[in-house]
1. Testing D1111 on (1) without any contact (Cβ under 8 Å) to a residue 12 or more places away in the chain; (2) crowded, with 24+ Cβ neighbours inside 10 Å, one condition comes back false. Which one is that?
2. What tally of residues in the range 465-492 results from selecting those that are among the β-branched types (V, I, T), more than 15 Å from N522 (Cβ to Cβ) and surrounded by 19 or more Cβ atoms within 10 Å (Cβ to Cβ)?
3. Would you please list the contacts, defined by Cβ atoms under 9 Å and residues six or more apart or on different chains, that run from a residue in the range 689-717 that is over 20 Å from P381 (Cα atoms) to a residue that is aliphatic (A, V, I, L, M) and not in a helix (DSSP H, G or I)?
4. Just need a number here: residues in the range 95-111 that are touching a residue at least 40 places away in the same chain (Cβ under 8 Å) and in contact with an Asp or Glu (Cβ under 7 Å, 6 or more places away or on another chain).
5. Run G786 past the list (1) free of Cβ contacts under 8 Å to residues at least 24 places away in the same chain; (2) surrounded by fewer than 21 Cβ atoms within 10 Å (Cβ to Cβ); (3) not aromatic (F, W, Y) and report the number of the one that doesn't hold.
6. Could you say which residue among V1166, V1138 is surrounded by fewer than 24 Cβ atoms within 10 Å (Cβ to Cβ), aliphatic (A, V, I, L, M), touching a Ser or Thr at 6+ places or on another chain (Cβ under 8 Å) and assigned by TED's automatic domain parsing to the domain that holds A1210?
7. List pairs: first residue in the range 341-370 and touching a residue at least 12 places away in the same chain (Cβ under 8 Å) and under 24 Å from L716 (Cβ atoms), second residue among the β-branched types (V, I, T) and surrounded by 23 or more Cβ atoms within 10 Å (Cβ to Cβ) anywhere in the structure, Cβ distance under 7 angstrom, at least six positions apart or on different chains.
Amino acid sequence: MAVTNTSGAADQPGGTDEAAVEPGPRIRLVTPGSLVDQNMLTDPLSGEPSATGTVTLLFTDIEGSTRLVRRHGERYGDILAACQRLQRQAFAANNGREIDTQGDSFFVAFRTSKDAVAAAVAAQRALAAHQWPAGARVRVRMGLHTTEPTAWTGRFVGLGVHRAARLCAAGHGGQILLSEITHSLVEDALPDGLDMRYLGEHWLKDFDQTQRIWQLAVPGLQNTFPPLRAPDASASAGMCDETAAGTDADDDADSDSDSDSEHSAGSHLGWLASMADAAFVGRVTELRALRESWERARSGHRVLALVSGEPGIGKTTLAARIARIALDDGGLVLYGRWDEDVLAPYQAYREALSEYSRTCPRSVLRAEFSEHADEISRLFPEVAKRIGVVGTPLPGNAEAERFRLFEAIDGWLGTMAARRPVLTVLDDLQWADRSSLLLLQHITRALRATPLLVVATYRSTDHGELSDFLPRLVRDVGCRRITVDGLDDDETVALLGRITGGGLSGPDLALARELRADTAGNPFFLTEMMRHLVDMGTLFPAPLPASGRAPSADPAVPAGLPAPPNPLPAPLTPTGPLQPDRPLPAHLADLSGPPAPSQVEIPETVRDLVRWRLSRLSRECAAALDVASVIGHEFDVDILSTATRIDEMRLLDLLDEAQQAGLVHEDHDQAARYVFSHSVVRRFLRDNLGLTRAARLHRRIGDAFQDRQASAHAELAHHYWASADPAVADRAVHYARLAGDRALAEAAFDGAVLHYRRALDVLDRNGGGLRAELLLALGDAHGRAGEYPARDARFLEAAAAARSSDSTDLFTRAAFGYGGVLPPAVSPDPQGRALLEEALQRLGTADSPARARALGRLAHWIHHERPYAERVALCREAIAMARRVRDLATLATVLRHRCWALDGPRDVDEQLVDAAEILRLGEELGNHELLLDGLRIKMSARFRRGEFELAADTAATLTDLARELRHPEFLRIATMWNVVVATIEGRYGHAQRLAGELQAHLRQLGHSQIDLIPIGQALPMLWLQGRLADTRSLIDDIATLQSHIQIWPAMRAWLGAESGADDQVRQLLGRLSPDAPARLDENYSWWATIVAFIQAATAVGEQEWAGRLYDLVLPFARHNATLGLAGFLGAVTHHLGVLAGTLGRWDAACAHFEAALERHQTMGSVPFVALTQTEYALVLTARGCDGDRERAEGLRAAALRTAAELDLKAIRTRAARQIPPGA
């Protein structure tokens, strides 16, 4: 068979412009014109006439061969000969056949991929072990690809040959690259010690699709290389020749690594530069854990590393260390952090991806971004504008909007990671908003293989929203928890030695140990303490080295990093004998030598240190920092200048003073922006302002932001709200509403809740006439955030406010908002019904879209509590009115309400008609939600009507559309359907796995039917496995809570029948009239209730019940008994057969069972076939006609075989009861 390549096309022989061999220009192209009569073809592996088959091709090429020739001259011939000899030995030892050799390149074929890998490994080991002439560095790159080439005059030709050559050309000397096909063939049979690393998807020259590429890691050899020498990811097939210049050119263009700019493009170099001088000691265990996480990520996995510790313990410094390692490995480094005052949602992601977008080449960004532009433009409109892409997010419900945004961001990260592994550092996770945490959870749980490591740092206290998410994040398979503790004595000595620029001994060691005890080994506290001792005169700066820079804990700055413009102060040195040119503090004045540790004044906390340092600043500088602390962790010079009324040039001098004191530093990514050196500094400043002064500063800062036209609404809203100034209350409300609206557009619903709540807070303090409107907005935001009790409470408040102002429009909106999007089987709610009834009174009897919607919603909501006839009347009035007002959206809405308000067995045909109209309206209005709902209604109606194949076709269409639209609610429905199908077919293990995933998803969403859906889905399996009685306690609990739903008394009777409690069943049925089933409301749970009564009544031989049930069910003989889309309870003809058998109507029972067998067999329902066979055997045995006994035995034997295979205890129990006396 043909081997399929990664673009989906097979490596077909005889294609145009095929390559015979081509690692570089030395190996010739074979064009179609070169091919001769196919009868002349021979197999290069055997020399015999061609017999097509699968082979693995190996290309090798010496890296930098031209450089070697220039350096070694005539001796290069000996080097080349040795290189060829070592490779040929490895090829021959592993059954390789040399197809062609040109200069320093080989083309070799192997019958198996295992042999090819072994040969490549052996060749690389031999080359590495060889003693080359002095100065010679011989490194060979290799590429392997498995294909079915065409043999031609002793050669191989074909697209697969071309791919193997391009794969080799993309590598570096010493590197072994494998195509996806070869990787899949050898990954489970690698010799011990060998490993695979996924390098992502890359363009290969002349190929119009990216290729998935893997690297073979060989112990003892170099396994870390620069990014592949492949065309830019933005290159199309037509651009590849241009963008990949040099890919297969002569080795004059070779280099040992990519250029610095290419290596680091898109990485957050400013953050790494700001961390370049951070002293780093110890942390061996923690860094090893992060290295292991990075290596796992590089091999194609998603990994989350949660790094926790107290403030100042070195979490960010540790993250910076692994970031430098990742950058050196050719990875992409992204960085973002959250501020304590979360103004905009997704802050850390915005920072990380905005910085990436700013520095990434535009062509690459366009290729990565364009596929996801519609959704990502919600958060990054500036990126869309930069690359000229217009994005319009799809409308939909809240869950769908958020899911699509998250999928788009994950897809963007995945596209980046296809080019090179990605490390994303998310700092200060404890301050993350809920939307950010949901996004983190989504990214780490996604199933797509992606080389991505997320390092998230957070404080071990003060978790906020994080508290609820930590257990979920930790449960993920790819999560690694790392706790950073204080330094021990030796590490403290090492740290202080780094800071002082020399080793410590004697009294200095004692001082270091005392400092360690007082600071618990906190590196930030230790460093600040050393600053304090310098300022106190206990330590003096050591002379700077000749470079003028302080020595760093890690002197090697990664390629592409700018030198930090403001390094830490010069290293400190112990004073030794005190220098007389500096006056001593009073408490040290009597010392004639270095002070004893007990004589050094040690502040008790970092806050004390900050206070002491601030006291040494000029009053003007300290005042400016006070204002800056109110602006935020980062602050712009222009805003600070306006708010402080200090000239910018003077302000820069003051900020230099603060920088020298180690309190702030310049932002390396954005000019004229400064950052506090640590959150402790900013918090101290802000907390010491006092409420009144802070409020006044917020007002001034708000005005400064308002003067700057481009300020974000969230910043303005925050400062005006915090100012608590009645004079700007209208601004606070205005900007908070705008910020809330923006957060909704960004699917950051919890952020919208915050802003609308603040707007209401201002309104409550200062008065105003927007209360109802704000409550409506807040209720909607709560609903979108999944906070349903809060949603309904706000809509009730909005209704009260609208009632007070006598606003019918606002009241109607509140009535519609209460309860949110109603599920098909909505539970009764007196408040919801009362709101809709009052809205109808306010709207009057005149036709209007609002009145039609209210009528339809009311009919839907009273599904379980008002008679069927009343619901029919409401639906008819609603639909007629919607047609009269000619409002298509309203018509679609009331049709949907009717489908769930009238959901009994006699409504199925009308539901199909309604579904067709909803689908037509969805097309006409361009509304994807309508299309999906129409498909759901159509699928449900067909399933219940007995048209299983048509229902399955509709389910497939719905699933495809839900996936295309990334709509989680309808993807959930698709999963429910898959559970139903697996249960029908008896694939119970698969059904349980899917059901478990579904239940976890429902729990995560806080779904209103989280208790009912799992029971409905498990009911058929538990029934046939004889385990229905296991649910007694759960069903009793639910029946107590939901006594209004008619199914639960019937379920209790069925449970009694299944457990053999016949007397209890008779008592339960005796409390009811045999006419009770006929009085049941025909709604969502009707069939489950009827089946429960049938099972209970027939188990105890209640013939009167059986007769009434038979007459009730007979009109629906062609249907299936279902629990909506949650469960299948058998063909109705099966239950008619059971009832007829109980009544002694043998012939009718046999006819029903024959129809049921045909239905179940057509559906592929092995378990229900066995159930029908069992019941049918009983009827045949009882009837006793010619051939009945033999037929019964055959049916019973077949049923028992199925029961044994699927562990259907209920089938075995029923079959045992049917063995007639004397049999």
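1. (2)
2. Counting residues in the range 465-492 that are among the β-branched types (V, I, T), more than 15 Å from N522 (Cβ to Cβ) and surrounded by 19 or more Cβ atoms within 10 Å (Cβ to Cβ) gives 1.
3. That search, which allows pairs on different chains as well, returns L691/A724; A695/A724; L697/L689; H698/A724; R699/A724; F705/A712; A717/L343.
4. 5
5. Failing condition for G786: (1).
6. V1166
7. Filtered contacts from the range 341-370: no entries.
Residue-by-condition table, conditions (1) without any contact (Cβ under 8 Å) to a residue 12 or more places away in the chain; (2) in a loop (DSSP other than H, G, I, E, B); (3) within 21 Å of V1179 (Cβ to Cβ):
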{"residue": "Q1067", "(1), (2), (3)": "yes, no, no"}
{"residue": "W1087", "(1), (2), (3)": "no, no, no"}
{"residue": "I1090", "(1), (2), (3)": "no, no, yes"}
{"residue": "I1094", "(1), (2), (3)": "no, no, yes"}
{"residue": "E1104", "(1), (2), (3)": "no, no, yes"}
{"residue": "G1130", "(1), (2), (3)": "no, no, yes"}
{"residue": "L1136", "(1), (2), (3)": "no, no, yes"}
{"residue": "G1141", "(1), (2), (3)": "no, no, yes"}
{"residue": "A1149", "(1), (2), (3)": "no, no, yes"}
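The values are calculated or read from the model by the stated rules, or taken from the named source; none is laboratory data. This is a predicted model, so every value here is computed, not measured. For neighbour counting, all protein chains shown are included, and Cβ atoms are generated from backbone atoms with ideal geometry for every residue, glycine included.
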